Amino acid sequence: MGILFEDAVLIKEAEKRGDPTVITVNCPDKTGLGCDLCRIILLFGLSIARGDVTTDGKWCYIVFWVVGRPKTRWDLIKKRLVEVCPMCLPAVAEIYYYREEFQQPKPPDIFLLKFWCYYDRKDLLHDVTKVLCQLELTIKRVKVSTTPDGRVMDLFFVTDIRGLLHTKKRQEETVGCLDAVLGNALITCEIELAGPEVIACSHGSSFLPPVIMEDMFCLEFCSRYLNGSLASNPISITVDNSLSPSHTLIRILCQDYKGLLYDIMRTLKDYNNHIYYGRFFASSKGNCEVDLFIRQVDGKKIVDPEKQNALCSRLRMELACPLSVNVLSRGPDTELLVANPVELSGRGRPLVFYDITLALKTLDIRIFSVEIGRHWIRDREWEVYRILLDDGDDFPLPRNRDAIRERVQKELMGWE
């Protein structure tokens, strides 16, 4: 009869503080399932310390050992993980495995969350971003501006993971949470379904200055801006076809960082490679070992040297520079730029804006304006965050802009 669908994901919470929580996934398989699961784990601010993947091509068994926040809502994580598992429908004589037609959900509606504040207080954007993340509202775009009289207008274009933002109850819950965190600073708050004309107006400029293109989208920049500790732990990616008659082994040795396994799974998903067995281990010293036995979409090993080199080159690029961070001078102004690659499915990396605002909060830096946009650069789509920092007399920025870049980078990478 098969297993119950709600039992596809089991979570055994840590018994002692500091111990990992064990997440077990037992369900029909599909290409990219590991990527989808890792993205949700990253979305809830958790880190994967260890992982094991086994599949026969139809059914998979995955175990993640995760660590993270003390107040994690495990019931909600389980619900989200179950939602990305292929459907498992028990029948009298068989189990209906993953079917493509079940995995074509309607694109989520985009809502415009618009609010005015009397003044820009310290950490306002981070507090708002934190509330939206807790409410499971995914930020697609942000436009923030400050008027000459000091008032602030924030436009957040969001989608609702719960799919309920069109209801009065859900909107009242959202406005109530924002009112609680903004207090007397809040003037008005409105939520409406964003029509095509509103979304088009929100896109902002599709033009990126040449200096940004040169500084942010090359491996040379990655080697300059990444922490020196990464240089002492070079990335090693090898391909071995001798250990298995039907699978190609991809072995990766590198430094661990937040979202590492997601980036590996995302890359393999984009290349249409299927994982049949995998092992992931991150040591306490920050080193990471990954062994993946994979096949191409046609079920064959990767024997073509050109395909091997292309996959290894892409993995090396993704792991060497998962996010680009830079701080540039715009005349008298200072601009923080962060860019991350977008999956072929159209999804960007989760919690990027949350981590950026948290880093700036730590540095006691205010944000003057924000623009988030999608750009096609070198045959791939990037999500680019352009953040103009408040460099007024009352809030002088640190003289060393490298300190800003390093703090933001460390927050995004999960490095202490």
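Determine if region 321-339 includes at least one residue that is surrounded by 20 or more Cβ atoms within 10 Å (Cβ to Cβ) and basic (Lys, Arg). No - not one qualifying residue is present in region 321-339. Looking at Gly57, is it assigned by TED's automatic domain parsing to the domain that holds Met87, in contact with a strand residue (DSSP E or B) (Cβ under 9 Å, 6 or more places away or on another chain) and over 18 Å from Ala282 (Cα atoms)? Answer is yes for this residue.
Considering only region 36-83, state which residues are of a type in the set (A, V, I, L, M) and over 24 Å from Asp256 (Cα atoms).
If the condition is that a residue be of a type in the set (A, V, I, L, M) and over 24 Å from Asp256 (Cα atoms), then Leu76, Val82 are the ones that fit.
Once region 233-275 is narrowed to residues that are assigned to a strand (DSSP E or B) and in contact with a Gly (Cβ under 7 Å, 6 or more places away or on another chain), the residue that is surrounded by the most Cβ atoms within 10 Å (Cβ to Cβ) is Ile275.
A count restricted to region 350-369 and to residues that are touching a Leu at 6+ places or on another chain (Cβ under 7 Å) and not in a helix (DSSP H, G or I) stands at 6.
Annotation note: Cβ proximity below 9 Å between a residue of region 325-344 that is basic (Lys, Arg) and a residue that is at pLDDT below 90 and buried (at least 17 other Cβ atoms within 10 Å of the Cβ) (sequence gap 6+ or interchain) occurs for Arg330/Leu388.
Go through region 272-286 and give me each residue that's among the basic types (Lys, Arg) and modelled with pLDDT of 90 or more. Reasoning before the result, please.
Step one: list which residues in region 272-286 are among the basic types (Lys, Arg), which gives 279, 285.
Once the filter is applied, which keeps residues that are among the basic types (Lys, Arg) and modelled with pLDDT of 90 or more, region 272-286 yields only Arg279.
Let me confirm something: among Arg316, Arg405, which residue is outside the structural domain of Thr138 (by TED's automatic domain parsing), more than 18 Å from Lys143 (Cα to Cα) and in a helix (DSSP H, G or I)?
Arg316
Filtering Val370, Val342, Val408 for residues that are buried (at least 21 other Cβ atoms within 10 Å of the Cβ) and either modelled with pLDDT under 90 or farther than 24 Å from Val131 by Cα (or both) leaves a single hit, Val370.
The values are calculated or read from the model by the stated rules, or taken from the named source; none is laboratory data. Because the structure is predicted, anything quoted here is derived from the model rather than measured. Backbone-built Cβ (ideal geometry, glycine too); neighbour counts: all protein chains shown.
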